[in-house]
Amino acid sequence: PVYSLYGDVQVPTPEMLKDIDVLVYDIQDVGARVYTYEWTLAITANAAKKPIIVLDRPDPIRGDRYEGNILDAAFSSLVGKYPVALRYGLTPGELLRFLAGSKLIDAEVHVVPMKNYRRSMWFDETKIPWINPSPNLRDLDAELLYPGTVFFEGTTATEGRGTDAPFTLIGAAWMTDNSAIAAELNALKLPGVRFDTATRTIETGYKFGGQTIPMIKVRVTDRNAVRPVALGIRMLRTIYARHPKDFQWRTPQIDRLAGTDKLRTAVEQNGVDALIAQWDADAVRFSEQVKR
């Protein structure tokens, strides 16, 4: 089936699956709600009415960390289909068992567990060879920052696609004050990161393609301290406040990425402190929901 990334999802029909006895899922996850493969899995499992086997794989950014809001069903799409936290702290098998156990989907789920896995592990601690789970997620730092820097996909700034380091580079042709932005972000003393300036020529076919533009480089200094969702929100607010005309939202993409329309309002009205507090409470609530 063909899926629209930010739009409605085409559900597999019984006719498509009539000759299938069992479905097997074996894809490395990234631990963020905006990654599309886990929703293809969940939607297919719900529609198939056939056994589905998940060959479980690690949550690369730790399976014991929860961050961000629980998705509002009004903003359901392939970048967030069911009400889970933005950084959901689950392996693919755990996620599917949660969805089925909570009756969010009707599926016959079987999980083949990993051996010697601890949910506190980072991906590099598993010693599993790295293979890019997506063309623009090329290392563990990018995966860690992804639940926050992905918001820039829903704006007129670039999230770094078309550069050597997507999701760790944020920029725009109009961001000529990038050194001042980096200084302002560093003054916030966000845990586990620092912000530097950069310049990149963007590949053709992406935002600002063919142009050499100023950018902000996000460097991870302590991955155990980084809170990527709050980081992404703070970056949005800082850049918006300096460039309220140049910085524009791409709707409905931003609302579907955020799983709510409240992010836009908070950034525009300088209400990000309250929003982060609300989302922190959501993350705690989700951590309780998934304990079983």
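Values computed for the structure shown
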{"read-out": "Of all residues making up the stretch 93-119, the number that are within 17 Å of I61 (Cβ to Cβ), assigned to a helix (DSSP H, G or I) and of a type in the set (A, V, I, L, M)", "value": "1"}
{"read-out": "Residue ID - most open to solvent (accessible area, probe 1.4 Å), chosen from residues in the stretch 247-261 that are of a type in the set (A, V, I, L, M, F, W, C) and within 11 Å of F151 (Cα to Cα)", "value": "W249"}
{"read-out": "Residues (outside any loop (DSSP other than H, G, I, E, B) and small (G, A, S)) located in the stretch 45-80", "value": "A45, A47, A48, G68, A73, A74, S77, G80"}
{"read-out": "Residues of the stretch 135-171 that turn out to be touching a Gly at 6+ places or on another chain (Cβ under 7 Å) and assigned to a loop (DSSP other than H, G, I, E, B), as a count", "value": "4"}
{"read-out": "In the stretch 12-33, residue modelled with the lowest pLDDT [restricted to those that are surrounded by 13 or more Cβ atoms within 10 Å (Cβ to Cβ) and part of a loop (DSSP other than H, G, I, E, B)]", "value": "P12"}
{"read-out": "Residue under evaluation L90, criteria (1) open to solvent by less than 50 Å² (accessible area, probe 1.4 Å); (2) in a strand (DSSP E or B), criterion not met", "value": "(2)"}
{"read-out": "Set L78, L55: member being open to solvent by 40 Å² or more (accessible area, probe 1.4 Å) and either more than 17 Å from D282 (Cα to Cα) or under 13 Å from the mean Cα position of the chain (by Cα) (or both)", "value": "L55"}
{"read-out": "Filtered residue count, the stretch 195-239, keeping only those that are open to solvent by less than 10 Å² (accessible area, probe 1.4 Å), under 24 Å from V30 (Cβ atoms) and in a strand (DSSP E or B)", "value": "4"}
{"read-out": "Residue in the stretch 105-128 that is open to solvent by 50 Å² or more (accessible area, probe 1.4 Å) and within 18 Å of the chain's Cα centre (by Cα) present", "value": "no"}
{"read-out": "Subset of the stretch 262-292 (residues that are touching a Pro at 6+ places or on another chain (Cβ under 9 Å) and open to solvent by less than 60 Å² (accessible area, probe 1.4 Å))", "value": "F286"}
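The values are calculated or read from the model by the stated rules, or taken from the named source; none is laboratory data. None of the values given here were measured: they were computed from a predicted structure. Note that we place each Cβ from the backbone using ideal geometry, even for glycine, and neighbour counts take in every protein chain shown. Protein only, heavy atoms only, side chains kept; ligands, DNA and RNA dropped before computing areas. Shrake-Rupley method; radii C 1.70, N 1.55, O 1.52, S 1.80 Å.
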